[in-house]
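Single-structure report; data block below.
The values are calculated or read from the model by the stated rules, or taken from the named source; none is laboratory data. Everything quoted here is computed from the prediction, not taken from an experiment. Every residue, glycine as well, gets a Cβ built from its backbone with ideal geometry; the counts of neighbours run over all protein chains shown. Ligands, DNA and RNA are stripped out before the accessible areas are found, and what is left, the full protein with its side chains, is counted by its heavy atoms. Shrake-Rupley method; radii C 1.70, N 1.55, O 1.52, S 1.80 Å.
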Protein chains: 2
Amino acid sequence: MQPTKIDLLINCEWIIPIVPKDRVWQNCAVAIDAEKIIGIFPQAEAAKRFSAHKVYHLDNHVLMPGLVNAHGHAAMTLLRGYADDLPLRPWLEDHIWPAETLHLSEKFVRDGTKIAMAEMIASGTTCFADMYFFHEAIAEEVRSAGMRSQIGFTVLDFPTPYGKDADDYIHKGLALHDKYSGQSLIKVACAPHAPYSVSDPAMQVISTYANELDMPVHIHCHETAEEITESITSYGCRPLERLRNLGLLLPQTQLVHMTQTDASDITMLQDHNCHVVHCPQSNMKLASGFCPVGELLDAGVNVALGTDGAASNNDLDLFAELKTTALLTKAVAGDAAALNAHAALRMATINGAKALGWDDQIGTLEEGKSADMIAVEINSIAQQPLYNLASQLVYTNSGSQVTHSWVAGKPLLENRALSTLNKGELIQSASDWRNSIQPKAMD
Amino acid sequence: MQPTKIDLLINCEWIIPIVPKDRVWQNCAVAIDAEKIIGIFPQAEAAKRFSAHKVYHLDNHVLMPGLVNAHGHAAMTLLRGYADDLPLRPWLEDHIWPAETLHLSEKFVRDGTKIAMAEMIASGTTCFADMYFFHEAIAEEVRSAGMRSQIGFTVLDFPTPYGKDADDYIHKGLALHDKYSGQSLIKVACAPHAPYSVSDPAMQVISTYANELDMPVHIHCHETAEEITESITSYGCRPLERLRNLGLLLPQTQLVHMTQTDASDITMLQDHNCHVVHCPQSNMKLASGFCPVGELLDAGVNVALGTDGAASNNDLDLFAELKTTALLTKAVAGDAAALNAHAALRMATINGAKALGWDDQIGTLEEGKSADMIAVEINSIAQQPLYNLASQLVYTNSGSQVTHSWVAGKPLLENRALSTLNKGELIQSASDWRNSIQPKAMD
């Protein structure tokens with residue numbers, strides 16, 4: 001029998017396919033053709049069955065689905081470390097928003113998004129959900145870098161250098177949605193900034209379009225206790241209830257943060273099949289509160305992970321977020337068994353894919369899915385001895401161990417070198433922006 | 001004027017000396033002779049004043065004091081990932097202690113300690129406090145690796161392969177204390193395991209020796225809520241009060257964990273000038289509780305940082321612990337300003353030095369102190385742009401960015417390569433131990 005010609009064969013010491021659950025394959029290979037996974041086979045069998053255009057031998061590595069960073073503001077990487085150690089409102093209102101008012105432009109967004117994508121690719125993220133402005137520029141840069149992205153067009157009641165009011169933001173967003181409707185790697189979502197920054201009439205327009213176009217809704221929600229109190233004062237109900245009344249709790253709604261979550265919120269999330277995006281490092285850094293991840297998972301709510309923007313994290317390393325999630329979920333639940341290592345890996349892969357409505361395409365290494373994958377080297381002294389691969393990936397690993405990355409079978413990272421972005425140019429660009437945004441000497 | 005001959009001149013783009021507080025020097029050099037820091041000078045001035053035997057030019061790096069890991073069990077690195085996602089008592093009683101009973105030996109301790117030291121050196125730790133068994137072997141390996149260490153001899157009421165009862169542990173520990181009394185890089189501490197595992201008579205003996213010999217006392221304390229309840233049942237008071245009654249709250253006492261800390265505990269810590277060692281990742285992973293770091297620091301209590309053993313963390317990267325500390329302190333205090341980046345760096349350096357009674361020697365880069373230092377490369381895409389070096393070191397850094405390390409002017413790490421330990425041998429040794437401890441297939 002003649003071997004079947006395929007594009008790519010990746011032999012890897014270990015494979016974590018995510019489905020079947022909790023499994024680690026050893027000495028297997030993933031076969032890829034026409035952007036998709038054909039299957040996982042023992043290495044010897046794969047060598048006989050296939051003749052691949054390109055063959056990898058990754059002998060100290062684990063191959064797994066690319067990570068899904070389900071919330072961030074990529075361009076804000078240009079403000080990483082610009083204003084630290086401050087609470088959410090003064091951080092946002094006295095520092096970040098004024099800096100954005102001064103500097104936000106299409107070029108800011110292009111340059112910041114590229115730097116963010118370089119960091120995300122290098123640390124294992126292949127798919128990210130973004131919420132920012134100048135989405136046309138973001139979409140172009142995402143296509144050029146070859147990543148997969150849900151691009152959320154921000155809607156606000158107040159003007160920015162990008163839009164003058166809610167109608168204007170929505171109008172521009174819908175134009176982007178139409179333009180990219182046929183793209184396999186780009187999805188456009190409507191991203192009302194937060195319940196406190198978007199009025200009822202604008203929310204109703206969003207609800208209409210989200211329902212009509214089956215468009216994802218991506219929104220910051222229940223981030224701080226103050227947000228709840230203000231909503232009760234202004235609207236007579238908690239923000240989540242207000243969103244429900246406005247018809248915005250949909251199966252494609254992604255609620256980011258949810259640090260203030262009581263039993264009635266959990267019931268509402270269950271009833272409406274909404275997704276929660278947990279951003280533990282940002283929530284801790286801004287002292288926003290603790291999301292009850294263990295309770296949400298127990299209630300069957302889908303919980304994905306996000307880094308949030310680099311201005312409040314300050315990195316975009318989803319492996320670091322994964323470790324923080326596992327540790328914090330246990331600590332908050334008061335139960336060391338509240339989230340095990342395999343469950344944490346699912347949150348960063350298939351749960352993210354589900355939240356973005358992409359679980360038919362990504363999030364696991366299964367036949368027929370898109371070849372969105374990463375290889376992680378398990379060879380550092382900090383990863384020895386090796387009793388339990390999932391534990392090692394969650395508790396001793398960081399994004400710096402990622403060596404390879406593919407989206408739809410196309411390489412984005414090879415032996416730790418970026419394939420589609422130029423690191424040297426990006427570091428220069430970051431330095432130029434720093435000089436322009438804050439020209440004073442350090443310290 | 002003839003330039004002064006010195007051993008070492010390190011030119012570095014940035015220097016964080018820790019003292020003066022909150023400062024970052026740029027384009028300076030540290031001059032070192034006879035194991036000690038002579039001073040910090042502008043690079044041009046240093047080039048004129050000194051003729052150094054060895055000169056470094058670290059152009060993308062920050063030089064800072066080596067990190068002090070103030071609590072761990074180095075040899076337990078051989079049990080990294082052996083039993084994860086379990087609560088403290090079953091983790092300890094059903095898994096870790098049985099494994100130790102089967103495998104604990106002098107060779108286990110030598111091999112495990114070497115692997116731990118390799119990881120600690122590679123990630124920026126130059127000084128560590130250890131609590132384990134077979135201390136003679138630990139001391140020999142520490143000397144051979146060139147690290148600085150406070151070696152705590154564990155005291156327990158029950159037997160282990162190392163000792164038969166409390167008297168036996170104390171006897172062996174005091175012999176080690178005598179033997180190493182003249183060593184500048186090794187200090188011997190008495191380490192009663194915990195209030196719940198050491199009886200009053202043994203504690204009284206320890207108190208006598210600690211007072212007589214001015215010997216540090218290193219003890220797990222108030223790690224879980226259960227520990228408090230049990231103490232009240234058995235002794236009629238909280239463990240901290242019992243230690244005070246036994247004369248064990250001394251200015252050289254290091255209380256590890258303190259996740260259960262009320263106002264009366266804080267007053268007692270203030271009154272007795274004791275030190276707290278905070279191990280946030282271990283506390284989170286075992287769901288032990290939250291140490292109120294912000295309140296302790298506000299009360300003037302010295303709080304140092306520890307990774308704890310690799311069996312409950314699972315890495316020994318103190319930069320990761322530093323980030324977790326900064327994030328968790330804010331989250332627990334409900335105040336994003338509760339601990340800023342510079343304060344977090346102090347916890348990992350000078351506070352650790354104070355806790356171990358070594359602040360006259362290490363913890364800052366000041367004239368006359370021992371040249372215990374590290375260089376950290378700030379060049380990754382995740383560290384751009386650079387507005388605030390301390391923020392970058394705390395929030396976007398990890399141990400993998402450490403390139404150089406010196407203890408008393410002697411190099412332990414150069415360009416990320418270990419100088420005194422053999423990485424390949426250690427990885428082989430870890431693999432051999434894994435096969436011996438858990439020979440079954442993974443998964």
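Brief remarks follow.
- Any hit, the range A:212-232, residues being of a type in the set (Ser, Thr, Tyr), surrounded by 14 or more Cβ atoms within 10 Å (Cβ to Cβ) and part of a loop (DSSP other than H, G, I, E, B): yes
- Yes/no for A:GLY236 being closer than 23 Å to A:PRO65 by Cα, open to solvent by 10 Å² or more (accessible area, probe 1.4 Å), in the same structural domain as A:ASP130 (by TED's automatic domain parsing) and free of Cβ contacts under 8 Å to residues at least 60 places away in the same chain: no
- Total residues in the range A:70-102, condition in a loop (DSSP other than H, G, I, E, B) and of a type outside the set (Phe, Trp, Tyr): 8
- Meets criteria (buried (at least 21 other Cβ atoms within 10 Å of the Cβ) and either within 23 Å of B:GLY363 (Cα to Cα) or modelled with pLDDT under 95 (or both)) for B:LEU248: no
- When each of A:ASN388, A:ASN422, A:ASN415, A:ASN435 is tested for being polar (S, T, N, Q), free of Cβ contacts under 8 Å to residues at least 60 places away in the same chain and touching a His at 6+ places or on another chain (Cβ under 9 Å), the lone residue that passes is A:ASN415.
- Tallying residues that are under 14 Å from A:TRP14 (Cβ atoms), of a type in the set (A, V, I, L, M) and open to solvent by 20 Å² or more (accessible area, probe 1.4 Å) within the range A:387-421 yields 0.
- Any hit, the range B:369-382, residues being in a strand (DSSP E or B), under 22 Å from the mean Cα position of the chain (by Cα), free of Cβ contacts under 8 Å to residues at least 60 places away in the same chain and more than 14 Å from chain A (Cβ to nearest Cβ): no
- Residues that are more than 12 Å from chain A (Cβ to nearest Cβ) and crowded, with 16+ Cβ neighbours inside 10 Å are absent from the range B:423-433.
- Unmet requirement for B:ILE362, which otherwise passes all of (1) closer than 19 Å to A:ILE115 by Cα; (2) touching a helix residue (DSSP H, G or I) at 6+ places or on another chain (Cβ under 6 Å); (3) outside any helix (DSSP H, G or I): (1)
- Any chance B:ALA353 is crowded, with 24+ Cβ neighbours inside 10 Å, in contact with a Cys (Cβ under 8 Å, 6 or more places away or on another chain) and not in a helix (DSSP H, G or I): no
- Qualifying position, being assigned by TED's automatic domain parsing to the domain that holds A:SER197 and open to solvent by 10 Å² or more (accessible area, probe 1.4 Å), among A:HIS95, A:HIS53: A:HIS95
- Filter result (part of a loop (DSSP other than H, G, I, E, B) and either within 11 Å of B:ILE266 (Cα to Cα) or within 10 Å of another protein chain (Cβ to nearest Cβ) (or both)) within the range B:295-307: B:ALA299, B:GLY300, B:VAL301
- Residue within the range B:336-343 that is closer than 18 Å to A:LEU286 by Cα, without any contact (Cβ under 8 Å) to a residue 40 or more places away in the chain and open to solvent by less than 10 Å² (accessible area, probe 1.4 Å) present: yes
- Pick from the range B:1-43, criterion under 22 Å from B:LEU393 (Cα atoms), crowded, with 19+ Cβ neighbours inside 10 Å and among the β-branched types (Val, Ile, Thr), ranking: farthest from the other protein chains (Cβ to nearest Cβ): B:ILE10
- Residue identified as in contact with a Gly (Cβ under 9 Å, 6 or more places away or on another chain) and surrounded by 19 or more Cβ atoms within 10 Å (Cβ to Cβ) among B:THR259, B:THR208, B:THR253: B:THR259
- Test: residue in the range B:60-81 that is within 14 Å of another protein chain (Cβ to nearest Cβ), open to solvent by 40 Å² or more (accessible area, probe 1.4 Å) and within 23 Å of B:ALA353 (Cα to Cα): no
- There is at least one residue in the range A:383-402 that is part of a helix (DSSP H, G or I) and in contact with a Lys or Arg (Cβ under 7 Å, 6 or more places away or on another chain).
- Within the option set A:ALA311, A:ALA338, being within 12 Å of chain B (Cβ to nearest Cβ) and either of a type in the set (S, T, N, Q) or assigned to a helix (DSSP H, G or I) (or both) holds for one residue only, A:ALA311.
- Members of the range A:264-305 that are among the hydrophobic types (A, V, I, L, M, F, W, C), closer than 18 Å to A:ALA338 by Cα and open to solvent by 20 Å² or more (accessible area, probe 1.4 Å): A:PHE290, A:LEU297, A:ALA299
- Test result for A:ALA348, in the same structural domain as A:ASP130 (by TED's automatic domain parsing), under 14 Å from the mean Cα position of the chain (by Cα) and small (Gly, Ala, Ser): yes
- In the range B:98-117, the residues that are buried (at least 24 other Cβ atoms within 10 Å of the Cβ) and within 24 Å of A:ALA390 (Cβ to Cβ): B:GLY112, B:ILE115, B:ALA116
- For the range A:264-294, residues that are within 14 Å of chain B (Cβ to nearest Cβ) and charged (D, E, K, R) total 1.
- In the range A:103-126, residue nearest to the other protein chains (Cβ to nearest Cβ) [restricted to those that are in contact with a helix residue (DSSP H, G or I) (Cβ under 7 Å, 6 or more places away or on another chain) and not in a helix (DSSP H, G or I)]: A:SER123
- Qualifying positions in the range A:121-160 - open to solvent by less than 10 Å² (accessible area, probe 1.4 Å), at positive phi and free of Cβ contacts under 8 Å to residues at least 60 places away in the same chain: none
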